[in-house]
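Okay, so here's the structure we're looking at.
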Amino acid sequence: MREAIRNRYEFVILFDVENGNPNGDPDAGNLPRVDPETGLGIVTDVCLKRKIRNYVETVKEDAPGWRIYVKDGVPLNRSDHEGFLQVGIDNAASQKPEELKKKIKAKKEAGTDVDRLVRDFMCLNFFDIRTFGAVMTTMVKGALNCGQIRGPVQLGFARSVEPAVPQEVTITRVAITTEADAEKKGTEMGRKYIVPYGLYRCEGYISANLARKTTGFSQEDLDLLWEAILNMFEHDRSAARGNMAVRELIVFQHDSELGNAPAWKLFDTVKVSRANPEDTASARSFRDYVVTVEEAALPEGVTCMRMG
């Protein structure tokens, strides 16, 4: 395995959306997600991780060591099977849990460290397992201790800096589906939902301790993660999502593995405010905001890097 990172990190991602739906809620007719109490827009961690995975898959193209485990249209069991092959267990995905447990037990009694071998193989070959961890279904059913891997990189939900007011836009559809519909009407009406403008803030964490003990998340992985975050919307364009861009990535690096300060103290140094405090109109671009970091307030042993 690669040499794991030795420093703890926290980071803040600032991204915005213009005339788009950054993360629709399927339980609400695909409306942009909004906190009902505050009106702040929400983008889930799952949504952002998907875009990071998609970027890595795009630039690495399934190169050895950089594959993606949670992939659209690819059953997890198919990838799990590769891990079991490392310890001589074939067709693991098609076996009943009881049969699989017996084979794993027999391997362990014969002196094979099944948990470590399978975990190391999966971490070595799949970037998103090294990064975010994974729940590997077949391995969980087989009662392997490595079935649930806790990744060193964690993201929170993104929230908009100011309330996001979704708008419903009526559209005309000229592509009629059936001959019967074509005879009755020439066009159909539809709708889409957008946020005219919203600046979102997401906070994340990277544990060097978990990287060393569990997945082997390395400096090369970290560099690719920063690249993926900064470019996660560049190859994921969609009419529904409008114009989305990462405006800034603010990284706090600790001098030690376990960290030199609580994460909340670092996040509190990042301030996003209106460029013109007297302006009461709705923000319509990133230029309406100013981002500052109180670097003088950073605790000893913590440095700040600003990217974007």
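Filtering the stretch 19-33 to residues that are of a type outside the set (D, E, K, R) and either surrounded by 19 or more Cβ atoms within 10 Å (Cβ to Cβ) or in a loop (DSSP other than H, G, I, E, B) (or both) leaves G20, N21, P22, N23, G29, N30, P32.
Test each condition in (1) at pLDDT below 95; (2) closer than 24 Å to S94 by Cβ; (3) surrounded by fewer than 23 Cβ atoms within 10 Å (Cβ to Cβ) for N125 and report the one that comes out false. N125 satisfies all of (1) at pLDDT below 95; (2) closer than 24 Å to S94 by Cβ; (3) surrounded by fewer than 23 Cβ atoms within 10 Å (Cβ to Cβ) except (1). Restricting attention to the stretch 254-285, the residues that are assigned to a strand (DSSP E or B) and either surrounded by fewer than 17 Cβ atoms within 10 Å (Cβ to Cβ) or touching an Asp or Glu at 6+ places or on another chain (Cβ under 7 Å) (or both) add up to 4. Within the stretch 97-122, residues that are free of Cβ contacts under 8 Å to residues at least 24 places away in the same chain have Cβ atoms under 6 Å from residues that are assigned to a helix (DSSP H, G or I) in these pairs: K107/V114; K108/V114, counting only partners at least 6 apart in sequence or on another chain.
Given the structure, is P36 over 25 Å from V135 (Cβ atoms), of a type outside the set (D, E, K, R), out of contact with any helix residue (DSSP H, G or I) (no Cβ under 6 Å at 6 or more places or on another chain) and buried (at least 17 other Cβ atoms within 10 Å of the Cβ)?
Considered against the rule, which asks whether it is over 25 Å from V135 (Cβ atoms), of a type outside the set (D, E, K, R), out of contact with any helix residue (DSSP H, G or I) (no Cβ under 6 Å at 6 or more places or on another chain) and buried (at least 17 other Cβ atoms within 10 Å of the Cβ), P36 comes out as no.
Can you tell me which residues in the stretch 47-82 are under 16 Å from T137 (Cα atoms), assigned to a helix (DSSP H, G or I) and either aromatic (F, W, Y) or in contact (Cβ under 8 Å) with a residue 60 or more places away in the chain (or both)? The answer is L76, N77.
Yes or no: E295 in contact (Cβ under 8 Å) with a residue 24 or more places away in the chain, within 30 Å of R212 (Cα to Cα), of a type outside the set (G, A, S) and surrounded by fewer than 10 Cβ atoms within 10 Å (Cβ to Cβ)?
On the way: in contact (Cβ under 8 Å) with a residue 24 or more places away in the chain: yes; within 30 Å of R212 (Cα to Cα): yes; of a type outside the set (G, A, S): yes; surrounded by fewer than 10 Cβ atoms within 10 Å (Cβ to Cβ): no.
No: the conditions fail for E295.
Hey, any hits in the stretch 228-244 for a residue that's exposed (fewer than 12 other Cβ atoms within 10 Å of the Cβ), modelled with pLDDT of 95 or more and in a strand (DSSP E or B)? Taking every residue of the stretch 228-244 in turn, none turns out to be exposed (fewer than 12 other Cβ atoms within 10 Å of the Cβ), modelled with pLDDT of 95 or more and in a strand (DSSP E or B).
The values are calculated or read from the model by the stated rules, or taken from the named source; none is laboratory data. These numbers were taken from a predicted model, which means no experiment stands behind them. Virtual Cβ from ideal backbone geometry, glycine too; neighbours counted across all protein chains shown.
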